[in-house]
Amino acid sequence: LSVEAELDDGISVAGGVIVDRRAGRETARIDISGARSLRGRHNWQNAGAAYGAAAALGVDASAIARGLASFPGLAHRMQEIRRIGRVRFVNDSKATNADAAARALASFERIHWIAGGLAKDGGIDDLAEFFPRIRKAYLIGKAADSFAATLGTRVPHVIAGTMAEAVRRAAADAARDGEGEAVVLLSPACASFDQYPDFEKRGEDFIARVAALG
């Protein structure tokens, strides 16, 4: 399974298009690049693996395509919960470390990023390559000060403290972003235990705050 380039013999998902070739002959082509619940290379890889498993069981490619198109995504995992005008609101509360947050940050442009909580070793140092995608960061929880130090002058940021304040500020700033589609992304890169009993409750709070925006 390749997500880098189309294969002459095998399954590839380069550019978000599943292509199945056997000895150079194309047997299936499914475009998932527009599927909102399957954004990002990691989800393309998962979809390619799911296609391969279903195809091996004899499921028709058109049926697989319909299944992928209707897949709603998983709660708290890059879950698009709402759109207000040009602004998408995405709940990725399951991203409890930097490696997990990297997948979401790689999947969007013009990000208004809500991050923070109880930091893991290394903080967000490894996310520097994604900083140019972030329009502004809204920092919550115990990690707010250390994350602010890491972002420094490279990413505009504010210490919001709470989810309510972070959502309020991020939504307002994203609505004023006049250069195309913006994303308010909760992808904390932290555990939740400083403010919530688990990442599910953190995600549910985000969802409730977004719903209350009117």
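The values are calculated or read from the model by the stated rules, or taken from the named source; none is laboratory data. Source: prediction; values computed, not measured. Neighbour counts are summed over all protein chains in view; Cβ atoms, including those assigned to glycine, are modelled from backbone coordinates with ideal geometry. Calculation scope for accessible area: heavy atoms of the full protein, side chains included, ligands and nucleic acids excluded. Shrake-Rupley method; radii C 1.70, N 1.55, O 1.52, S 1.80 Å.
Name the single residue, out of those in segment 126-141 being aliphatic (A, V, I, L, M) and part of a strand (DSSP E or B), that is surrounded by the fewest Cβ atoms within 10 Å (Cβ to Cβ). Step by step, filter segment 126-141, then rank; the result is Ile134.
Could you count how many residues in segment 1-13 are over 12 Å from Tyr51 (Cα atoms), touching a Gly at 6+ places or on another chain (Cβ under 8 Å) and open to solvent by 50 Å² or more (accessible area, probe 1.4 Å)? Selection size over segment 1-13: 2.
Do we find that Ala160 is in a helix (DSSP H, G or I) and aliphatic (A, V, I, L, M) in this structure? Criteria not met by Ala160.
The lone criterion from (1) closer than 20 Å to Ile114 by Cα; (2) open to solvent by less than 20 Å² (accessible area, probe 1.4 Å) left unmet by Gly16 is number (1).
To keep it simple, each residue is scored yes or no on (1) open to solvent by 20 Å² or more (accessible area, probe 1.4 Å); (2) modelled with pLDDT of 95 or more; (3) aromatic (Phe, Trp, Tyr).
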position	(1), (2), (3)
Ser33	yes, no, no
Val59	yes, yes, no
Val87	no, yes, no
Asn91	no, yes, no
Thr96	yes, yes, no
Ala100	yes, yes, no
Ile111	no, yes, no
Asp121	yes, no, no
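Rundown of residues vs (1) closer than 24 Å to Ile207 by Cα; (2) touching an Asp or Glu at 6+ places or on another chain (Cβ under 9 Å); (3) in a loop (DSSP other than H, G, I, E, B); (4) in contact (Cβ under 8 Å) with a residue 40 or more places away in the chain, yes/no style:
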position: Ala53; (1), (2), (3), (4): no, no, no, no
position: Val59; (1), (2), (3), (4): no, no, yes, no
position: Pro72; (1), (2), (3), (4): yes, no, yes, no
position: Arg103; (1), (2), (3), (4): yes, yes, no, yes
position: Asp121; (1), (2), (3), (4): no, no, yes, no
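One residue stands out in segment 61-74 among those that are open to solvent by 50 Å² or more (accessible area, probe 1.4 Å) and within 19 Å of the chain's Cα centre (by Cα): the one that is modelled with the lowest pLDDT, namely Pro72.
To keep it simple, each residue is scored yes or no on (1) in contact (Cβ under 8 Å) with a residue 40 or more places away in the chain; (2) among the basic types (Lys, Arg); (3) open to solvent by 10 Å² or more (accessible area, probe 1.4 Å); (4) touching a Phe, Trp or Tyr at 6+ places or on another chain (Cβ under 6 Å).
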site	(1), (2), (3), (4)
Ala164	yes, no, yes, no
Gly178	no, no, yes, no
Ala182	yes, no, no, no
Leu186	yes, no, no, yes
Glu204	no, no, yes, no
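Looking across segment 188-202, the residues that are in contact (Cβ under 8 Å) with a residue 12 or more places away in the chain and either among the basic types (Lys, Arg) or closer than 21 Å to Leu105 by Cβ (or both) come down to Pro188, Ala189, Cys190, Ala191, Ser192, Phe199, Arg202.
Here's the yes/no breakdown for (1) touching a Ser or Thr at 6+ places or on another chain (Cβ under 9 Å); (2) more than 30 Å from Ser33 (Cβ to Cβ); (3) among the hydrophobic types (A, V, I, L, M, F, W, C):
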residue	(1), (2), (3)
Ala101	yes, no, yes
Ala104	yes, no, yes
Ile124	yes, no, yes
Arg135	no, no, no
Ile140	yes, yes, yes
Arg154	no, no, no
His157	no, yes, no
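Inside segment 163-209, residues that are under 18 Å from the mean Cα position of the chain (by Cα), acidic (Asp, Glu) and assigned to a loop (DSSP other than H, G, I, E, B) make up a count of 1.
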